[in-house]
Amino acid sequence: MVGRHGPTVLAGGGLNRALERNIHALQERRRAEAASASVQEKVAGAVTRFSGSMRFVYLHLALYGIWILANLGWLPGVRAWDPTFVVLAMIASVEAIFLSTFILITQNRMAALAEKRAELDLQISLLAEHEVTKIVAMVDAIGRHLGVASEAGAELEEMKRNVAPEAVLDAIESEAEPNP
């Protein structure tokens, strides 16, 4: 994180080793995913990146602007070749078809990668929830062994129960269903 006085550094002078390892692992995964893309996906990605740039906008402003000015007869010494702009409209339509296809290909690839990452997030969250549940049970057992009273009561017993993801999904889906 960068603050107004420079990057934020932890007290030890750097990042936690586990965090550094995780960052490195994620970067390696992204490199592997990029390397595993097919030639078609790489081309679609390159076209999408270019078409989403200001360079693309400037190029089109120049090309279409010159085309329009020339065919309106506003450029001296240049004879109109498309006075009705039918050819320009056809070129723009074909370009739009191809650009939208390239963008959809790129979006599909990005959605597949996002789905993988969401699955990873879910698995890690489920593991963390399970581990926290075990820690709560251990701390409660230690507290009882040492004779430390807890005010949590029923809430503590709920926290010691593992969460069934299927039950949570069922509850979410039943809440989301419209009432007839």
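Working only within the range 29-58, note down all residues that are open to solvent by less than 80 Å² (accessible area, probe 1.4 Å) and over 18 Å from A111 (Cβ atoms). So that I can check it myself, show each step before the final result.
Taking the range 29-58 and keeping what is open to solvent by less than 80 Å² (accessible area, probe 1.4 Å), we get 32-35, 37-38, 41, 43-48, 51-53, 56-57.
A32, A35, V43, A46, S51, S53, F56, V57, listed by residue number.
Restricting to the range 140-173, and then to whatever is in a loop (DSSP other than H, G, I, E, B), farther than 21 Å from L127 by Cβ and modelled with pLDDT under 90, can you tell me which residue is most open to solvent (accessible area, probe 1.4 Å)?
Applying the filter and picking the extreme gives E151.
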Item to check | Top-ranked residue of the range 82-92 - restricted to ones that are over 14 Å from L63 (Cβ atoms) and assigned to a loop (DSSP other than H, G, I, E, B), ranked as least open to solvent (accessible area, probe 1.4 Å) | outcome: P83
Checklist entry - Restricting attention to the range 108-139, and to residues there that are farther than 30 Å from K42 by Cα and of a type in the set (D, E), which single residue is least open to solvent (accessible area, probe 1.4 Å)? => result E129
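The values are calculated or read from the model by the stated rules, or taken from the named source; none is laboratory data. Remember, predicted model here, so these are calculated numbers, not experimental data. Cβ: placed from backbone, ideal geometry, glycine included. Neighbour counts: every protein chain shown. Note: areas computed on protein heavy atoms with side chains; ligands, DNA, RNA excluded. Shrake-Rupley method; radii C 1.70, N 1.55, O 1.52, S 1.80 Å.
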